[in-house]
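*Asks:* Okay, here's the structure, questions in a sec.
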Amino acid sequence: MIASSLSHHILTLTINRPHAKNALNLEMYQQLTQYLHQANDPNVHVIVLTGLSDVFCSGNDITDFISLTTADADQCQHSRSIIEAFMFAMIDCPVPIVAAVSGNAIGIGMTMLQHCDFVFACPSANFSLPFVKLGLCPEFGSSLLLPQIIGTRKAKAMLLLGELMNAKEALSLGFIDQITIQPEQLAATYAATLATQPKHALQNTKQLLSQISRKQLIDCINKENNLIFKLVKEHEAVNAFSQFTTRKSHT
């Protein structure tokens, strides 16, 4: 599900679930959390995050959403705690995270990129946030972070209408650093350079560059997740999930 390798102080994490278009399920969130905590190991200086196949990540597994529609309070809290553990691990990661986007980044596949320090994408990559279309709301701090990164107008178009952002537009708006036909190779090159830098200086500089306080970000995520776990049980979301699975079964 999540493949990992450590070499020359670089921890590479690869989303490897091609049959589900690299959608994340609860097990994968737990794996990512465990690997992100390895950033506290003195031997890890930088993390590279990438996705196997032609899709970086297609978002949260829709079957997990469907399960939540009938889950009791304890089951919902269990799922939420797993997902939030991943989010907080990524937010608190002390070393730089370099992302290589070799295909589409949808939902959390896109929102996790807000928390990466460098993002390289292939020319055909598209970014989308279909939360409202699924009867849900923004997550992973995107209601706070995205307008600051790409501007309020584009953020509203993506979050309210599900409007796509292609690689060229993502570059022009500052969401990604560079377009390249080999994002994994470029990410590896940047990671190798970062890994040679004095580690404590690197970590402290990353922390200083944070434009939003951790408390403000955590408060935003809590607010978003409170709404998500409420909306997921409402008719709009249940109907949207049903339509999604129907379309998928006919493709």
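*Asks:* So which of Leu231, Leu217 is farther than 30 Å from His45 by Cβ, open to solvent by less than 70 Å² (accessible area, probe 1.4 Å) and modelled with pLDDT of 95 or more?
*Replies:* Leu231
*Asks:* Residue under question is Gln178, and the condition is that it be open to solvent by 20 Å² or more (accessible area, probe 1.4 Å) and in contact with a Phe, Trp or Tyr (Cβ under 6 Å, 6 or more places away or on another chain); does it hold?
*Replies:* yes
*Asks:* Of all strands (runs of 3 or more DSSP E) completely enclosed by segment 28-119, which ones contain at least 1 residues that are under 19 Å from Gln185 (Cβ atoms), out of contact with any Gly (no Cβ under 6 Å at 6 or more places or on another chain) and of a type in the set (A, V, I, L, M, F, W, C)?
*Replies:* Those strands (runs of 3 or more DSSP E) span 46-51, 97-101, 104-106.
*Asks:* Considering only residues of segment 24-61 that are among the small types (Gly, Ala, Ser) and open to solvent by 10 Å² or more (accessible area, probe 1.4 Å), which is modelled with the lowest pLDDT?
*Replies:* Per the stated criteria, the residue is Ser53.
*Asks:* Another one. How many of the residues in segment 193-211 are under 19 Å from the mean Cα position of the chain (by Cα) and surrounded by 14 or more Cβ atoms within 10 Å (Cβ to Cβ)?
*Replies:* So the answer is 1.
*Asks:* Could you list all residues from segment 88-122 that are touching a helix residue (DSSP H, G or I) at 6+ places or on another chain (Cβ under 6 Å), open to solvent by 10 Å² or more (accessible area, probe 1.4 Å) and of a type in the set (S, T, N, Q)?
*Replies:* Ser102, Gln114
*Asks:* Please go through (1) in contact (Cβ under 8 Å) with a residue 12 or more places away in the chain; (2) assigned to a helix (DSSP H, G or I); (3) surrounded by fewer than 17 Cβ atoms within 10 Å (Cβ to Cβ) for Pro147 and return the number of the only condition it doesn't satisfy.
*Replies:* The number of the failed condition is (1).
The values are calculated or read from the model by the stated rules, or taken from the named source; none is laboratory data. Everything numeric in this text was worked out from a predicted model, so none of it was measured. Ideal geometry is used to build each Cβ from the backbone, glycine not excepted, and the neighbour counts take in all protein chains shown. When the accessible area is computed, the model is the full protein with side chains, heavy atoms only, and any ligands, DNA or RNA have been set aside. Shrake-Rupley method; radii C 1.70, N 1.55, O 1.52, S 1.80 Å.
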